[in-house]
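Here's the structure we're looking at; comments come further down.
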Amino acid sequence: MINLNFDFLDTPLQIEGLTSLTIQDRTVFTKVVQETYRYSGEDDYLHFFDDNYRVIKPVEMMLINDILGFDVNSAPTLKLIYKDIENQINHQPEKKTLIEQHLNAATEIIQNELLDFEIDMVSDEIDVDEALKVLGVKIEIATDTMFERLFEIIQVFKYLRTKKLLVLINAGIYFSEQELTSLEQYAELQNIALLMIDNQKLTGIQSRYFLDGDYVLIREFMV
């Protein structure tokens, strides 16, 4: 389980599955969001840590404030995917040999063409990782709604094994009560830590907290 602590909290807030935190005071909300973006793991204002008090590192967090604009095919993500595909191929000797033969054949054809070029040219051998890039291998995006897009993001987050915490900023306004309930169930099923920080109360979520205008943290339950 991951915990969050910052000024105005008497006890840390526990993040397990999908957890909603609504901050009524706009100044405090803005401050928490800013410090989350600036989070370094050594902050005085805001702290993320596990049950063993190990600080959650910035690289272990995925922070999103624009669901539609988030790039699921970012370079770091594709690099990990290419590595896994390459490992998968390495465990299939016949396929690996066949792929290498075709890559070597393509390389030889190009090198022969370079011999006839007016300028002296050289080339390197192409490996599987480079071939995947050339072929444009990437995650297929086939979503029609923001709700479906968020599920895609969660799947990518789940795949990135180094990530421990997914944080969504002001995303709750886009989803219905039924969608938030489904999202909570999915987060629990996938055993991920997902924190939604909003400025307006959300309904449809069991685990939700409300920091009111008097800076009192209230645990609310869905009825």
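Some points to look at:
- Residue among 90, 170 that alone is in contact (Cβ under 8 Å) with a residue 24 or more places away in the chain and either touching a Gly at 6+ places or on another chain (Cβ under 8 Å) or of a type in the set (S, T, N, Q) (or both): 170
- Matching residues, segment 192-206, being in contact (Cβ under 8 Å) with a residue 40 or more places away in the chain and open to solvent by 20 Å² or more (accessible area, probe 1.4 Å): 199, 200, 201
- Per-region count, segment 48-60, residues touching a residue at least 40 places away in the same chain (Cβ under 8 Å), open to solvent by less than 70 Å² (accessible area, probe 1.4 Å) and either in a loop (DSSP other than H, G, I, E, B) or within 24 Å of residue 10 (Cβ to Cβ) (or both): 4
- Filter result for residue 185 (open to solvent by 60 Å² or more (accessible area, probe 1.4 Å), closer than 28 Å to residue 210 by Cα and not aliphatic (A, V, I, L, M)): yes
- Test set (1) surrounded by 14 or more Cβ atoms within 10 Å (Cβ to Cβ); (2) small (Gly, Ala, Ser); (3) more than 24 Å from residue 194 (Cβ to Cβ) - residue 172 fails condition number: (3)
- Sole residue being under 20 Å from residue 140 (Cβ atoms) and not small (Gly, Ala, Ser), chosen from 21, 4, 46, 68: 68
- The single residue among 145, 162 that is within 30 Å of residue 49 (Cβ to Cβ), surrounded by fewer than 13 Cβ atoms within 10 Å (Cβ to Cβ) and modelled with pLDDT under 90 turns out to be 162.
- Residues that are part of a loop (DSSP other than H, G, I, E, B) and either polar (S, T, N, Q) or closer than 22 Å to residue 200 by Cα (or both), drawn from segment 1-47: 7, 8, 9, 10, 11, 12, 16, 17, 24, 25, 40
- Checked against the criterion of being part of a loop (DSSP other than H, G, I, E, B), open to solvent by less than 80 Å² (accessible area, probe 1.4 Å) and touching a residue at least 12 places away in the same chain (Cβ under 8 Å), segment 71-85 contains one or more residues that satisfy it.
The values are calculated or read from the model by the stated rules, or taken from the named source; none is laboratory data. Since the structure is predicted, the reported quantities are computational estimates derived from the model, not experimental observations. FYI the Cβ positions are ideal-geometry reconstructions off the backbone, even for glycines, and counts take in every protein chain you see. Surface areas here come from the heavy atoms of the whole protein model, side chains and all, with no ligands, DNA or RNA. Shrake-Rupley method; radii C 1.70, N 1.55, O 1.52, S 1.80 Å.
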